[in-house]
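Q: One structure, as C-alpha cells, below. Some questions next.
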Amino acid sequence: MDTNDESRQVYFHSPASLVERLDAIAEVYDTNRSDLLVEALREYLDKTADSEPFQELVATKYYGDQLDFETVTQLVGAETAQRLRLLKADLEDEPLDLAAPNDVNVYDGDATAVDDEVRQLYERYQAAESDAERREIVLEMGKLDGRRHAEIYAALEDE
C-alpha cells in the first residue's frame, strides 16, 4: 500500500467460503486479510483500466456527458483522458488553441492517407442513423487519434 495514501475502512458482505479461502491464503503468506484484499483489488483495477472494452465504455460515457474529465483521468490515466478530451472537443466543434510542432514531420510526408481516413470517418458519422452507430464511429476516431498522438509523441522524443 502507498504510504502517502490514506487508508479508509470499507465494509462489505462476502460468501463465507470466500472469506475462509482468503484467511487460509493469508495464513500461508503470513499476512492479513486486508493486505490481500487491497492487493487483489489493486491488481483488478489496474487490469480493468488497461482493458480496451473498459476504455471504450469510459469514452462512450464521457462523450455522452455521463462522466466528467477528472473522473475519466482517474479511470484511464492522464494521457488517455487528454486524448479523449481532444477528440470530444473536435466532435463538438470546439477547437482548442494548440499549436502543432512545425519542425517535425510526424506523417513522413504522407498526410493525405490520414486525411482520407478522417474524412471517411467524418462522412460515416454524418450519415449515421443511430446513437449506437455514431458511438462506434467515435471510438474509431479515438483510435485513429491515439495513433496520431503516439506518432507525434515518438517524433518529439526523438528530437
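Q: Got at least one residue in the range 59-66 being of a type in the set (Phe, Trp, Tyr), in the same structural domain as ILE137 (by TED's automatic domain parsing) and part of a helix (DSSP H, G or I)?
A: Within the range 59-66, one or more residues are of a type in the set (Phe, Trp, Tyr), in the same structural domain as ILE137 (by TED's automatic domain parsing) and part of a helix (DSSP H, G or I).
Q: Can you confirm whether TYR107 is over 13 Å from the mean Cα position of the chain (by Cα), modelled with pLDDT under 85, within 24 Å of ASP46 (Cβ to Cβ) and surrounded by fewer than 16 Cβ atoms within 10 Å (Cβ to Cβ)?
A: On the way: over 13 Å from the mean Cα position of the chain (by Cα): yes; modelled with pLDDT under 85: yes; within 24 Å of ASP46 (Cβ to Cβ): no; surrounded by fewer than 16 Cβ atoms within 10 Å (Cβ to Cβ): yes.
Against the criterion (over 13 Å from the mean Cα position of the chain (by Cα), modelled with pLDDT under 85, within 24 Å of ASP46 (Cβ to Cβ) and surrounded by fewer than 16 Cβ atoms within 10 Å (Cβ to Cβ)), TYR107 does not qualify.
Q: Can I ask one more? Quick check: anything in the range 36-43 out of contact with any Ser or Thr (no Cβ under 6 Å at 6 or more places or on another chain), surrounded by fewer than 10 Cβ atoms within 10 Å (Cβ to Cβ) and either assigned to a helix (DSSP H, G or I) or among the polar types (S, T, N, Q) (or both)?
A: So far as the range 36-43 goes, no, none of its residues is out of contact with any Ser or Thr (no Cβ under 6 Å at 6 or more places or on another chain), surrounded by fewer than 10 Cβ atoms within 10 Å (Cβ to Cβ) and either assigned to a helix (DSSP H, G or I) or among the polar types (S, T, N, Q) (or both).
Q: Further, regarding this structure: Within the range 110-159, which residues are of a type in the set (Gly, Ala, Ser), surrounded by 14 or more Cβ atoms within 10 Å (Cβ to Cβ) and at pLDDT 80 or above?
A: ALA128
Q: Look at GLN9 and say whether it is under 30 Å from LEU91 (Cβ atoms) and modelled with pLDDT under 95.
A: When the stated conditions are applied, GLN9 does not pass them.
Q: Also, I was wondering about something else. With respect to the numbered conditions (1) over 27 Å from GLU133 (Cα atoms); (2) in contact (Cβ under 8 Å) with a residue 24 or more places away in the chain; (3) aromatic (Phe, Trp, Tyr), which one is the sole condition not fulfilled by TYR11?
A: Of everything listed in (1) over 27 Å from GLU133 (Cα atoms); (2) in contact (Cβ under 8 Å) with a residue 24 or more places away in the chain; (3) aromatic (Phe, Trp, Tyr), TYR11 misses just condition (2).
Q: Would a scan of the range 9-27 turn up a residue that is surrounded by fewer than 12 Cβ atoms within 10 Å (Cβ to Cβ) and either under 23 Å from the mean Cα position of the chain (by Cα) or within 30 Å of LYS143 (Cα to Cα) (or both)?
A: Checked against the condition, which is being surrounded by fewer than 12 Cβ atoms within 10 Å (Cβ to Cβ) and either under 23 Å from the mean Cα position of the chain (by Cα) or within 30 Å of LYS143 (Cα to Cα) (or both), the range 9-27 yields no hits at all.
The values are calculated or read from the model by the stated rules, or taken from the named source; none is laboratory data. Source: prediction; values computed, not measured. So basically every Cβ, Gly included, is an ideal-geometry build from the backbone, and we count neighbours across all protein chains shown.
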